[in-house]
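A quick write-up on the structure given underneath.
The values are calculated or read from the model by the stated rules, or taken from the named source; none is laboratory data. Values in this document were obtained by computation on a predicted structure and should not be read as measured data. In this analysis, Cβ positions are derived from the backbone assuming ideal geometry, glycine residues included, and neighbour counts consider all displayed protein chains.
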Amino acid sequence: MRVEQLTCAIGAELTGVNLADAIHDDGLFAEIRATLLKHRVLFLRDQNISRAEHVAFARRFGELEDHPVAGSDPENPGLVRIYKNPDQPNDRYENAWHADATWREAPQFGAVLRCVECPPVGGDTMWANMALAYEKLPEHVKAQIADLRARHSIEASFGAAMPIEKRHALKAQFPDAEHPVVRTHPETGEKVLFVSAFTTHFTNYHTPERVRYGQDANPGAGDLLRYLVSQAYIPEYQVRWRWKPNSIAIWDNRSTQHYAVMDYPPCHRKMERAGIIGEKPY
């Protein structure tokens with residue numbers, strides 16, 4: 001297996017490896033996992049694997065989970081189908097910078113995403129290194145956010161376009177999760193900035209130490225949250241990947257965020273993602 005680093009901050013392309021081999025080869029899988037921890041997101045081309053092999057490889061990292069809004073392949077539970085269709089104009093919305101499923105009490109460990117069909121140009125995905133984003137924060141901001149916690153909501157994101165009854169039912173099934181604004185990576189010990197498009201507000205900001213008058217709380221807390229969320233937008237923290245059929249990305253959801261670029265209508269874009277169950281952030 002050969003590893004080519006793609007940027008100074010994040011990402012590496014693997015060549016000379018077939019992921020189907022790593023399903024049964026413990027040494028190869030261990031090498032891939034160690035490389036993932038180092039580079040945070042890995043990319044591979046020409047991986048002509050079956051859906052069953054896709055799921056089997058991803059399951060080596062841990063158990064998989066379905067998505068309550070995006071549908072899964074009926075024969076392969078845990079393999080979420082992210083299909084964009086130009087004939088459905090309401091399906092053109094994509095996303096903002098986020099880590100997957102932070103609205104869960106235990107967000108995903110990571111994911112394995114395979115391109116089934118993509119436009120000839122456009123539809124790239126970008127990833128950002130959120131450990132580096134935390135490291136580069138000014139020291140006074142690090143001190144300000146050290147003990148902060150925040151809410152992450154599926155209702156305010158996936159549920160926003162739903163009729164009110166369905167939106168409320170979705171929130172009842174997945175109440176807003178509360179996570180530390182700065183989480184500790186459970187394997188590397190790094191501090192990671194852990195707010196994104198799913199984050200709605202801080203839960204413990206309004207204290208005498210932070211708030212003298214109302215203006216300190218509102219818009220003070222909102223301004224700080226927007227500043228923190230915007231750190232993912234910095235190009236020096238990012239890598240951008242151009243998809244081709246049978247290309248694969250594997251990422252560590254605990255220390256990255258990603259953004260699927262919505263610049264390709266009226267083309268099809270079909271992706272399949274195996275999301276791996278993670279642990280409660282601390």
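Being at pLDDT 95 or above and buried (at least 22 other Cβ atoms within 10 Å of the Cβ) is the filter here, so list the residues in segment 262-275 that pass it.
Listed by number, the residues that qualify are Arg273, Ala274, Gly275.
Just to check your reading of the model, which residue among Tyr233, Tyr213, Tyr237, Tyr259 is more than 21 Å from Gly11 (Cβ to Cβ) and either among the aromatic types (Phe, Trp, Tyr) or at pLDDT 95 or above (or both)?
Within the list Tyr233, Tyr213, Tyr237, Tyr259, the selection yields Tyr213.
Among the strands (runs of 3 or more DSSP E) confined wholly to segment 167-282, which include 2 or more residues that are over 18 Å from Pro107 (Cβ atoms)?
Qualifying strands (runs of 3 or more DSSP E): 238-241, 269-276.
Does segment 43-50 contain any residue that is on the phi > 0 side of the Ramachandran plot, surrounded by fewer than 20 Cβ atoms within 10 Å (Cβ to Cβ) and acidic (Asp, Glu)?
The answer is yes; a qualifying residue exists.
What's the total number of residues in segment 162-183 that are touching a residue at least 40 places away in the same chain (Cβ under 8 Å) and either in contact with a helix residue (DSSP H, G or I) (Cβ under 8 Å, 6 or more places away or on another chain) or not acidic (Asp, Glu) (or both)? Give the derivation first.
Filtering segment 162-183 down to residues touching a residue at least 40 places away in the same chain (Cβ under 8 Å) leaves 170, 173-174, 176-177, 179-183.
Among the residues that remain, those that are also either in contact with a helix residue (DSSP H, G or I) (Cβ under 8 Å, 6 or more places away or on another chain) or not acidic (Asp, Glu) (or both) are: 170, 173-174, 177, 179-183.
Total meeting the criteria: 9.
I need the full set of residues from segment 1-31 which are touching a strand residue (DSSP E or B) at 6+ places or on another chain (Cβ under 8 Å), closer than 21 Å to Ala131 by Cα and assigned to a loop (DSSP other than H, G, I, E, B), in order please.
Correct list: Leu6, Thr7, Ala9, Ile10, Gly11.
Quick one: which residue in Arg60, Arg92, Arg114, Arg40 is basic (Lys, Arg), out of contact with any Asp or Glu (no Cβ under 6 Å at 6 or more places or on another chain) and either buried (at least 17 other Cβ atoms within 10 Å of the Cβ) or modelled with pLDDT of 95 or more (or both)?
Unique residue meeting the criteria: Arg60.
Quick check: anything in segment 129-148 among the charged types (D, E, K, R) and either modelled with pLDDT under 95 or in contact with a strand residue (DSSP E or B) (Cβ under 6 Å, 6 or more places away or on another chain) (or both)? It would help to see each step written out before you state the result.
So the first thing to find is which residues in segment 129-148 are among the charged types (D, E, K, R), and the list is 135-136, 139, 142, 147.
When the remaining residues are screened for being either modelled with pLDDT under 95 or in contact with a strand residue (DSSP E or B) (Cβ under 6 Å, 6 or more places away or on another chain) (or both), the result is none.
Scanning segment 129-148, I find no residue that is among the charged types (D, E, K, R) and either modelled with pLDDT under 95 or in contact with a strand residue (DSSP E or B) (Cβ under 6 Å, 6 or more places away or on another chain) (or both), so the answer is no.
Quick one: how many residues across segment 185-224 are closer than 16 Å to Tyr134 by Cβ, touching a strand residue (DSSP E or B) at 6+ places or on another chain (Cβ under 6 Å) and touching a residue at least 60 places away in the same chain (Cβ under 8 Å)?
So the answer is 6.
Among (1) at pLDDT below 95; (2) within 18 Å of Trp243 (Cβ to Cβ); (3) surrounded by 19 or more Cβ atoms within 10 Å (Cβ to Cβ), there is one condition Gly78 misses while meeting the rest; what is its number?
(2)
Take the residues in segment 1-24 that are among the small types (Gly, Ala, Ser) and closer than 17 Å to Ala274 by Cβ, then tell me which one is surrounded by the most Cβ atoms within 10 Å (Cβ to Cβ).
For segment 1-24, the residue satisfying everything is Ala22.
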